[in-house]
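S.K.: Once you've had a glance at the structure underneath, I'll fire off some questions.
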Amino acid sequence: MQRILVINCFKRDDYAKDFNRAITRKLDGADIQVLRMTELKNGTGITPFSHLLISGSETSALDDYPWTAPLEILTRDWVKAEKPVLGICYGHQFLARVLAGRSCVRRAETPEFGWAEIEISPCALAGTLRKITAMVSHYDEVCNLPESDFRIFAKTPQCAVHLFRYRNLPAWGIQFHPEYGPSEAEFIFQQVRKSDPGAEKHFIGTLPAQQQLEPAGRIFENFLAM
């Protein structure tokens, strides 16, 4: 039976609650357990779970925190066991850091905030999707992935790695946010504008209609089918 372990990496409680609402809605009907990253301990078991999902965060994947080492151990164990793992935004960058090294994450020359149209090459995670509209919000990005171990399936003009797969394993990273709808996304955008007035020049796209966002949800359907 599918049982999904979701690691919520947001430090702020309001961001964490925002994510929990969004991911619970997207994984409606699935058996999920959500843990804050601060609840992780060395030796957190993977046996009870079939899938691992690592969330975004307002922190940087370049930095170290008390929970970084337990999350790295959990991630390595999951990949070694060849169980499906999906990293979103921070989780995407953290997965690249764990599997390819810290040099494969950097501060983005052009951050992305807003609503991006993302073209996707054929892959198991995207299924029949070739283009989606999704929320983006990141200062860091993945870079310089070894071609021998990684395949890149999506990018935007601002970000060269929006979707990757590690080897032929069910280990996936996505820079965009298919979990967020307009209300959660607009809350985050408001916080970004408050904390960094200079971010305004990096906002892209306009608020899409709800039906434009629905195809992005297939990412989770395809992931859970692995």
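S.K.: When you go through (1) touching a Lys or Arg at 6+ places or on another chain (Cβ under 7 Å); (2) touching a residue at least 60 places away in the same chain (Cβ under 8 Å) one by one for Val79, which number turns out not to apply?
M.R.: Against the list (1) touching a Lys or Arg at 6+ places or on another chain (Cβ under 7 Å); (2) touching a residue at least 60 places away in the same chain (Cβ under 8 Å), Val79 comes up short only on (1).
S.K.: Provide a single number: the residues in the stretch 163-183 that are small (Gly, Ala, Ser) and more than 20 Å from Thr133 (Cα to Cα).
M.R.: 1
S.K.: Take the residues of the stretch 39-77 that are within 25 Å of Cys104 (Cα to Cα) and among the hydroxyl-bearing types (Ser, Thr, Tyr): which is farthest from the chain's Cα centre (by Cα)?
M.R.: Among them, the one singled out is Tyr65.
S.K.: Quick check, is Leu52 assigned to a helix (DSSP H, G or I) and either of a type in the set (A, V, I, L, M) or farther than 30 Å from Thr206 by Cα (or both)?
M.R.: In short, no.
S.K.: Quick check, is Pro208 farther than 23 Å from Glu58 by Cα, modelled with pLDDT under 95 and touching a Ser or Thr at 6+ places or on another chain (Cβ under 9 Å)?
M.R.: yes
S.K.: To continue, here is another question. What number of residues within the stretch 211-226 are modelled with pLDDT under 95 and in contact with a helix residue (DSSP H, G or I) (Cβ under 8 Å, 6 or more places away or on another chain)?
M.R.: Qualifying residue count, the stretch 211-226: 2.
S.K.: While we're on this one: How many residues, within the stretch 155-184, are of a type in the set (Gly, Ala, Ser), over 26 Å from Lys80 (Cα atoms) and either in contact with a Leu (Cβ under 7 Å, 6 or more places away or on another chain) or at pLDDT 95 or above (or both)?
M.R.: Number satisfying all stated conditions: 2.
S.K.: Which numbered condition in (1) farther than 19 Å from Lys155 by Cα; (2) touching a strand residue (DSSP E or B) at 6+ places or on another chain (Cβ under 9 Å); (3) basic (Lys, Arg) is the only one that Arg76 fails?
M.R.: (2)
S.K.: Search the stretch 199-226 for residues being assigned to a helix (DSSP H, G or I) and of a type in the set (A, V, I, L, M), and hand back the single one that is nearest to Leu163 (Cα to Cα).
M.R.: Top of the filtered list is Ile219.
S.K.: Could you list, in sequence order, the residues of the stretch 116-149 that are within 26 Å of Gly101 (Cα to Cα) and without any contact (Cβ under 8 Å) to a residue 12 or more places away in the chain?
M.R.: If the condition is that a residue be within 26 Å of Gly101 (Cα to Cα) and without any contact (Cβ under 8 Å) to a residue 12 or more places away in the chain, then Glu147, Ser148 are the ones that fit.
S.K.: Here's something else I'd like to know. Can you tell me how many residues in the stretch 20-50 are touching a residue at least 40 places away in the same chain (Cβ under 8 Å) and aliphatic (A, V, I, L, M)?
M.R.: Of the residues in the stretch 20-50, 5 are touching a residue at least 40 places away in the same chain (Cβ under 8 Å) and aliphatic (A, V, I, L, M).
S.K.: Go through the stretch 170-198 and give me each residue that's assigned to a loop (DSSP other than H, G, I, E, B), of a type outside the set (A, V, I, L, M, F, W, C) and surrounded by 14 or more Cβ atoms within 10 Å (Cβ to Cβ).
M.R.: Pro170, Gln175, Pro178, Glu179, Tyr180, Gly181
S.K.: Identify, please: which residue in the stretch 80-137 is in a strand (DSSP E or B) and among the small types (Gly, Ala, Ser) and is, among those, surrounded by the most Cβ atoms within 10 Å (Cβ to Cβ)?
M.R.: Top of the filtered list is Gly87.
S.K.: Here's something else I'd like to know. Can you name every residue in the stretch 1-47 that is at pLDDT 90 or above, closer than 24 Å to Leu169 by Cα and assigned to a loop (DSSP other than H, G, I, E, B)?
M.R.: Arg3, Cys9, Leu27, Ala30, Asp31
The values are calculated or read from the model by the stated rules, or taken from the named source; none is laboratory data. What you see is a predicted model; the values in this text were computed from it and never measured. Because the Cβ atoms are built from the backbone with ideal geometry, glycine has one as well, and the counts that use them run over all protein chains shown.
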